[in-house]
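The values are calculated or read from the model by the stated rules, or taken from the named source; none is laboratory data. For clarity, every value in this text was computed on a predicted model and none was experimentally measured. Cβ placement follows ideal geometry from the backbone for every residue including glycine, while neighbour counts extend to all protein chains displayed. These area figures cover heavy atoms from the full protein model, side chains too; ligands, DNA and RNA do not enter into them. Shrake-Rupley method; radii C 1.70, N 1.55, O 1.52, S 1.80 Å.
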Amino acid sequence: MVPKPDLKLQGLAEVNGQPLLCAECGSGYSLEIFKRGFREVWPAFVTCLSCGKGDDHPVITNGLVDAALAARTGRRKAEDRDTFVAEWRGVTLTGELQPGFVLDDAVVVVKVLKEQVAKDAKAWGRSKKQAATAHVKEKTDAVTAAAKGKAKDVTDAAKDRAGEAVSTAKAAAISTAWTLQTGGAGPTTTVKPKRRRCTVKGCRGGKVTISTRLHAATGKTSEVKIPCGVCHRSST
């Protein structure tokens, strides 16, 4: 069975104002002191948890260890430190012991856990609320988009129907105006009668070219165009 240390130091202890260090590795932290034997003047055994080595100390004795145990302040609240200042036969030992468990530690632990649980619960609730809000927004956006699309389709259809109605109304108005103006006579375009060829020799477009002196202004024979007496085209 491994013996329990009488002094389980925390941090750096001092002997007569000098740091207490391990004789092997020189570390001053994680030291433990054991009483050896039953006489107060016998040297105490100092071990180092860093290197695992230990040896009898030339100055620290069993009596000094008992003095340190008697001078320790102890702990009542979680924020207290267990320190000591001991003197025995002209040797002074000061330091701090590793804290032992007190009831206030449990209170502090419960309080910390409660606060942490409250924070976690609040964060969980916030995340759930955000997720629910995002889900509702997604559904709302989908419904809104669908409604906008339907409204656009209806508007486009209405515009098409309105355009058709306007076109129909314009056509009806034009038809009515035409009927009022023409009395329903239909289109004004008329078919031109087919032109007939004149039977008079030399008739071209209702004119006949002849050579005469009577019709010439100079009294000499010249060609003169006169109206055709058969078709009279030049006069119509």
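Details
- Condition check for ARG39: basic (Lys, Arg), surrounded by 15 or more Cβ atoms within 10 Å (Cβ to Cβ) and touching a residue at least 12 places away in the same chain (Cβ under 8 Å): no
- Residue ID - modelled with the highest pLDDT, chosen from residues in the stretch 160-215 that are of a type in the set (A, V, I, L, M, F, W, C) and surrounded by fewer than 10 Cβ atoms within 10 Å (Cβ to Cβ): LEU180
- The stretch 3-29, residues that are in contact with a strand residue (DSSP E or B) (Cβ under 7 Å, 6 or more places away or on another chain) and open to solvent by less than 50 Å² (accessible area, probe 1.4 Å): PRO5, LEU7, LEU9, GLY11, ALA13, VAL15, LEU20, CYS22, SER27, GLY28
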